[in-house]
Each structure stands twice: as structure tokens, then as C-alpha cells.
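Undergrad: Here it is: the structure, laid out below.
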Amino acid sequence: MCETFIRNHEFNYIKKQADFLLHTLRTTADPKVLESVRLATEAKIAELFPDMTGAIRQQLLQVAGLTTAEDFHEYLKQLEPYLVEFPQVSAKQLQKLFPKNKKLKLPDLSGIDFRWISYLSWNDISTNKLYLVYPLGGQLVGIEGRYMPTNKRNYCFVCNKYKELALFTAISRKRPANASPDYFKSVGNYLCLDGHDCNRSITDLAPLERFIEHVNG
């Protein structure tokens with residue numbers, strides 16, 4: 001069994017670069033432009049794994065020499081065994097992350113392919129709540145908040161894709177010194193309605209991590 005090293009968002013980034021190169025091959029005849037895009041694609045993927053050497057590095061960088069849609073499909077398929085899975089979680093672990101919610105509605109964990117998620121999220125339609133779990137600093141953290149569909153399309157703050165969004169708001173755990181018992185601060189942003197689709201599009205974890213750190217104080 002091969003050693004895994006590609007995280008979901010990194011695979012998405014590789015796919016994004018490969019898709020752009022394939023699009024250029026289909027729409028551009030100028031050899032100088034094609035060569036420039038090939039070199040740029042190779043360089044961007046290499047930057048993801050600066051310490052990678054040997055056969056694995058060669059496998060990653062062979063993208064620059066691909067020519068057909070079948071080539072690109074096979075290239076990505078061959079990278080799938082190297083995907084790092086999201087940390088396996090149990091129902092009991094999820095309940096511990098949200099101890100105040102005694103009637104926590106849990107997702108169907110058996111139906112999730114943990115290779116393809118950077119964060120775990122699910123909705124409770126009956127309460128208009130969204131639950132988000134993420135491994136921050138090697139430890140799973142959970143955020144509970146309200147979500148309100150906007151019925152509009154815009155850019156998701158997590159995956160930066162133009163999607164149908166919901167406003168996700170959570171209460172910050174950070175309290176100023178001498179704050180009154182009634183004090184609270186709401187932290188909100190626009191997130192994809194479809195968490196699965198968002199996970200298949202995310203290429204950068206920084207915006208999500210900043211949001212989580214803001215909520216957790």
C-alpha cells in the first residue's frame with residue numbers, strides 16, 4: 001500500500017491546474033503559449049510538495065506532458081491512492097464536540113468517503129443549524145451555527161466558487177474582560193449550501209481556518 005500525502009484541497013488544486021492546461025490545449029494553437037502554460041502548471045504543482053523527490057515527483061509532474069482528455073483523467077486517477085483521509089470520527093466523538101446539544105442530529109458517517117473532504121459538515125433542517133468539524137492543529141474542533149439560505153449565487157468564502165450560498169453565523173467564544181453575562185458576538189460568512197460540492201472545490205484551507213479561529217477566539 002502506498003504512502004498517502006495528498007490532502008483533499010491539494011488534489012483539487014492539482015485538478016484545477018490540470019483542467020486549465022487541458023482547456024488551453026483545446027483552445028490555443030500558439031506553441032509558445034502552450035509551452036508557457038505547461039511550465040506554469042508543472043511549477044505550481046511542484047510548489048505544493050517542495051520536499052517530494054524520486055518517482056512520486058516524476059509522477060506528479062508528468063502532467064506537463066499530457067495531451068488528451070483521457071491522459072488527464074488517467075493522471076488524476078493514478079493520484080487517488082495517495083489521498084490522505086479526513087480523520088475518522090465516530091458518533092460518540094461528534095457528540096463530545098457539541099456537548100450542549102443533547103438532541104444532536106448526526107450525519108450518516110457510513111455514507112461519507114473521507115478521502116474527499118477537508119471539513120465535515122451537515123445541516124439540521126428542523127432547527128436551521130449547521131454543524132462543521134475540522135482538524136485544526138491536529139485536533140478536531142466543532143462549530144455550531146445558524147444557516148440561512150440566500151436564494152442567490154455568489155462566491156463561497158471557503159472554496160471561492162460561484163455557488164448557491166447560505167449565510168452561516170456562529171457565536172464567538174471569545175469574551176472581553178468584564179463583559180456582561182448577556183454579551184455575545186456573532187461571526188458570519190457565506191458558505192456553499194452543498195457541503196459535498198464545496199469540499200470537491202476547495203483549494204486553500206486558510207479562509208476556513210481563519211473563520212474557525214475567529215469563532216474560537
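Undergrad: Hey, could you check segment 136-154 for residues that are among the small types (G, A, S) and part of a strand (DSSP E or B) and say which is farthest from L97 (Cα to Cα)? Walk me through it before giving the result.
TA: First, the residues of segment 136-154 that are among the small types (G, A, S): 137-138, 142, 145.
Okay, now just the ones that are also part of a strand (DSSP E or B), so 142, 145.
On the way: G142: 5, G145: 13 Å.
Result: G145.
Undergrad: Let me ask you something else. Given the structure, is Q59 more than 23 Å from the chain's Cα centre (by Cα) and within 30 Å of Y134 (Cβ to Cβ)?
TA: yes
Undergrad: Is it true that V63 is in contact (Cβ under 8 Å) with a residue 12 or more places away in the chain and surrounded by 16 or more Cβ atoms within 10 Å (Cβ to Cβ)?
TA: When the stated conditions are applied, V63 passes them.
Undergrad: Any chance segment 66-74 includes a residue that's farther than 21 Å from T41 by Cα and surrounded by 15 or more Cβ atoms within 10 Å (Cβ to Cβ)?
TA: No, that holds for no residue.
Undergrad: Of all residues in segment 75-96, which are surrounded by fewer than 15 Cβ atoms within 10 Å (Cβ to Cβ) and touching a Phe, Trp or Tyr at 6+ places or on another chain (Cβ under 7 Å)?
TA: E85, Q88
Undergrad: Take the conditions of a type outside the set (S, T, Y) and on the phi > 0 side of the Ramachandran plot and apply them to G65. Does it pass?
TA: Considered against the rule, which asks whether it is of a type outside the set (S, T, Y) and on the phi > 0 side of the Ramachandran plot, G65 comes out as no.
Undergrad: Tell me whether segment 97-106 contains one or more residues that are among the aliphatic types (A, V, I, L, M), open to solvent by less than 30 Å² (accessible area, probe 1.4 Å) and touching a Lys or Arg at 6+ places or on another chain (Cβ under 9 Å).
TA: To start, the set of residues in segment 97-106 that are among the aliphatic types (A, V, I, L, M) comprises 97, 104, 106.
Then keep just the ones that are open to solvent by less than 30 Å² (accessible area, probe 1.4 Å); that gives 104.
Applying the additional criterion that residues be touching a Lys or Arg at 6+ places or on another chain (Cβ under 9 Å) yields none.
No, segment 97-106 has no match at all.
Undergrad: Here is a follow-up. Exactly one of these conditions fails for E42: (1) open to solvent by less than 40 Å² (accessible area, probe 1.4 Å); (2) without any contact (Cβ under 8 Å) to a residue 60 or more places away in the chain. Give me its number.
TA: Result: E42 fails condition (1) only.
Undergrad: Within segment 4-34, which residues are farther than 19 Å from W116 by Cβ and in contact (Cβ under 8 Å) with a residue 24 or more places away in the chain?
TA: L21, L22, L25
Undergrad: Listed residues A18, A91, A40; which is touching a helix residue (DSSP H, G or I) at 6+ places or on another chain (Cβ under 6 Å) and small (G, A, S)?
TA: On inspection, the qualifying residue turns out to be A18.
Undergrad: Within segment 173-217, can you find the residues that are at pLDDT 95 or above and assigned to a loop (DSSP other than H, G, I, E, B)?
TA: R200, S201, I202, T203, D204, L205
Undergrad: Moving on to the next point. How many residues does segment 124-161 contain that are open to solvent by 80 Å² or more (accessible area, probe 1.4 Å), modelled with pLDDT of 95 or more and of a type in the set (S, T, Y)?
TA: Of the residues in that region, 1 qualify.
Undergrad: Within segment 108-135, count every residue that is touching a residue at least 60 places away in the same chain (Cβ under 8 Å), of a type in the set (S, T, N, Q) and in a loop (DSSP other than H, G, I, E, B).
TA: Total satisfying the criteria: 1.
Undergrad: Let me ask you something else. Taking T53, is it exposed (fewer than 15 other Cβ atoms within 10 Å of the Cβ), among the β-branched types (V, I, T), at pLDDT 95 or above and out of contact with any helix residue (DSSP H, G or I) (no Cβ under 8 Å at 6 or more places or on another chain)?
TA: No: the conditions fail for T53.
The values are calculated or read from the model by the stated rules, or taken from the named source; none is laboratory data. From a predicted model like this one, the values you see are computed outputs, not experimental measurements. Glycine also receives a Cβ, built like all others from the backbone with ideal geometry; neighbour counts cover every protein chain displayed. When the accessible area is computed, the model is the full protein with side chains, heavy atoms only, and any ligands, DNA or RNA have been set aside. Shrake-Rupley method; radii C 1.70, N 1.55, O 1.52, S 1.80 Å.
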